[in-house]
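Novice: Below you'll find the structure I mean.
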Amino acid sequence: MVAAVKTGNPVYAVLFVLERLDLINSRFGREVGDQVLSFLREHIAQSLSKPVRLFRWTGPALIAIVEREVDAQALREELNRILPLKLSKTVMVSNRPVLLAVSSNWMLFAAHEVRPFQQLLRDIDSFVQANSCPAGAPVAL
């Protein structure tokens, strides 16, 4: 992200936070949680117009680095089209299929406009923290 911002071109960081990952991990195991996060990553990678670089941020978060000559509103509209209201993933748990809802919260950051760069990192981490389910919190699946 640092290298992309240094080019001076428009660079956007799109942060995706998978909802209920802690709950999925505690109920079905980390392997199932990893499958669901990987499913979300694949959906984002296949759905966003190229070029895009996608990385794991921390915990339930993925970040897409998008370098495009578009304004933030055009990119927001694209994101609204690719993130349907309902995604689902079937996983096998104890030899039986379990259908899990897959949803995420996301936030678009115009990385090339945020100064200092450390502020961008703080904003990203704050969004992850605000949208992550703390371990042990009661949330229905």
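Novice: Treating the angle as unsigned and between 0 and 90°, give the value, to the nearest 10°, between the Cα long axis of helix 30-47 and the longest Cα principal axis of the chain.
Specialist: 40
Novice: Now for a separate question. Rounded to whole Hz and in sequence order, give me ³J(HN,Hα) for the range 67-78 from the Karplus expression 6.51 cos²θ - 1.76 cosθ + 1.60, θ = phi - 60°, writing x for Gly and Pro.
Specialist: Calculated HN-Hα couplings, in order: 10, 8, 8, 10, 7, 4, 5, 5, 5, 4, 4, 4 Hz.
Novice: Related question: Given a Förster distance of 22 angstrom, what is the FRET efficiency for Ala45 paired with Asn9, based on the Cβ-Cβ distance and rounded to 0.05?
Specialist: So, using R0 = 22 Å, E works out to roughly 0.55.
Novice: Which entry in (i) 15.9, 52; (ii) 16.8, 54; (iii) 24.2, 93 is this structure's computed Rg and Dmax of the Cα atoms in Å?
Specialist: (i)
Novice: Helix 117-130 versus the longest principal axis of the chain: what is the Cα-based angle in degrees, 0 to 90, to the nearest 10?
Specialist: 20
Novice: Most fluctuating residue of Val93, Val36, Val17 in a GNM of the chain with Cα springs under 10 Å: which is it?
Specialist: Val93
Novice: Something else about it: Could you list Ser26, Ser126, Ser104 in order of exposure, starting from the residue whose Cβ has the fewest other Cβ atoms within 10 Å?
Specialist: With the fewest neighbours first, Ser26, Ser126, Ser104 line up as Ser126, Ser26, Ser104.
Novice: Moving on to the next point. Treating only the Cβ of Lys, Arg, Asp and Glu as charged (+1, +1, -1, -1), what charge dipole size does the chain show about its Cα centre? Round to the nearest 20 debye.
Specialist: Charge dipole, the chain, about its Cα centre: 300 debye, nearest 20.
We did not get these values from a lab; they are worked out from the coordinates using the rules stated. Please read these numbers as outputs of a predicted model, since none were measured by experiment. Note that we place each Cβ from the backbone using ideal geometry, even for glycine, and neighbour counts take in every protein chain shown.
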